[in-house]
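Down below is the structure, laid out as structure tokens.
The values are calculated or read from the model by the stated rules, or taken from the named source; none is laboratory data. None of these values were measured; they are calculated from a predicted model. Neighbour counts are summed over all protein chains in view; Cβ atoms, including those assigned to glycine, are modelled from backbone coordinates with ideal geometry. SASA here: full protein model, heavy atoms, side chains in, ligands and nucleic acids out. Shrake-Rupley method; radii C 1.70, N 1.55, O 1.52, S 1.80 Å.
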Amino acid sequence: MVIILLIIACLALFASAMFIKQRGVRIVAVLVSVILLVGSTTLMVLNYHSHFGMKKVTMTTTKMVVPVAKQLPIALYQPLGTDGKEEVLLYRNSPTGKVQHTKADENITSKMKFANVQSPTMTVKKTRWQFKNNFYKTLFMWSGMDGTLAKQQTTITYPQEFVKVTPRQMRKMKSAMAASATSQAAQRQALAAAVATELAKHPQASAQQRQAIAQRVQWQLTSQMIKRALAQ
């Protein structure tokens with residue numbers, strides 16, 4: 001509507017100045033046209049820069065994700081900029097899916113946190129601008145402002161045993177672990193013994209609980225090896 005008013009004001013101003021012969025009528029018509037022109041332009045500027053007539057609406061979604069290193073408790077990220085304050089988080093949507101990454105933009109931020117959970121989850125919190133009511137929606141129709149993104153916060157929550165590393169650290173870690181004097185057979189044997197010891201403490205656990213316990217013990221031992229490899 002405000003765009004229509006702007007067009008009408010421009011046409012009325014031109015017609016008033018060019019075709020109305022009576023001086024008094026022309027002055028009134030020109031003044032009215034200028035007021036409409038300035039008013040509609042001001043409303044458009046206020047809507048675009050200050051989101052006049054709009055409100056923020058937030059929607060939150062959460063889904064399961066898979067670490068990039070499927071068998072390792074690694075939370076992979078890539079720092080951005082010289083100060084490293086901004087981060088791009090890497091993940092998979094499924095065990096066989098391609099590696100994905102979060103977006104980095106002026107209004108989009110990403111972070112990771114660690115909690116007492118069994119598997120990684122990604123929470124996306126989007127805040128968008130919407131018109132307060134139908135009046136403003138009609139007034140600013142065709143402005144393209146409805147539904148524009150105000151900000152987005154993406155958070156990936158990992159189990160506490162996961163280790164936060166960059167792709168460069170991950171390559172270093174794999175090289176150090178491959179060159180380790182401890183054989184893979186010995187590592188598997190130590191892991192099996194640790195799992196058996198932990199399961200013995202929970203004789204009443206269900207099959208699902210036993211699987212979760214075994215997974216957590218594996219993550220704990222593997223994360224220790226990862227930290228030692230990164231410290232070398």
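Data overview
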quantity	calculated
Qualifying residues in segment 100-115 (those that are loosely packed, with under 14 Cβ neighbours inside 10 Å and at pLDDT below 90) - the one farthest from Lys63 (Cα to Cα)	Glu106
Residue list for segment 82-104, filter: farther than 30 Å from Gln71 by Cα and in contact (Cβ under 8 Å) with a residue 12 or more places away in the chain	none
Scan of segment 139-163 for residues that are among the hydroxyl-bearing types (Ser, Thr, Tyr) and modelled with pLDDT under 90, ordered by number	Ser143
Test set (1) among the hydroxyl-bearing types (Ser, Thr, Tyr); (2) closer than 27 Å to Gln224 by Cβ; (3) at pLDDT 90 or above - Thr182 fails condition number	(3)
Any pair with Cβ under 9 angstrom, 6 or more apart, that starts in segment 209-226 at a residue that is closer than 17 Å to Pro120 by Cα and ends at one that is among the β-branched types (Val, Ile, Thr) and open to solvent by 60 Å² or more (accessible area, probe 1.4 Å)	Val217/Thr197
Search result, residues across segment 1-17 that are open to solvent by 70 Å² or more (accessible area, probe 1.4 Å) and either closer than 30 Å to Trp129 by Cα or at pLDDT 85 or above (or both)	Met1, Ile7, Ile8, Leu11
Scan of segment 123-155 for residues that are part of a loop (DSSP other than H, G, I, E, B), without any contact (Cβ under 8 Å) to a residue 12 or more places away in the chain and under 16 Å from Val45 (Cα atoms), ordered by number	Gly144
Residue match in segment 19-42 (condition: touching a residue at least 24 places away in the same chain (Cβ under 8 Å) and under 23 Å from Ser223 (Cβ atoms))	no
Contacts under 8 angstrom Cβ, first residue in segment 2-15 being closer than 13 Å to Val38 by Cβ and in contact (Cβ under 8 Å) with a residue 60 or more places away in the chain, partner open to solvent by less than 60 Å² (accessible area, probe 1.4 Å) and part of a helix (DSSP H, G or I), 6 or more apart	Val2/Ser40; Val2/Leu43; Val2/Asn47; Val2/Leu139
Residue list for segment 199-217, filter: of a type in the set (S, T, N, Q), over 15 Å from Tyr158 (Cα atoms) and in a helix (DSSP H, G or I)	Gln208, Gln209, Gln211
Where Thr82 falls short, out of the listed (1) within 16 Å of Val124 (Cα to Cα); (2) hydroxyl-bearing (Ser, Thr, Tyr); (3) modelled with pLDDT under 90	(1)
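The rows are residues; the columns are (1) surrounded by fewer than 18 Cβ atoms within 10 Å (Cβ to Cβ); (2) under 24 Å from Met170 (Cβ atoms); (3) modelled with pLDDT of 90 or more.
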position	(1), (2), (3)
Arg23	yes, no, no
Val28	yes, no, no
Leu31	yes, no, yes
Ile35	yes, no, yes
Phe52	yes, no, yes
Met59	yes, no, yes
Val66	yes, yes, yes
Lys70	yes, yes, no
Ile74	no, yes, yes
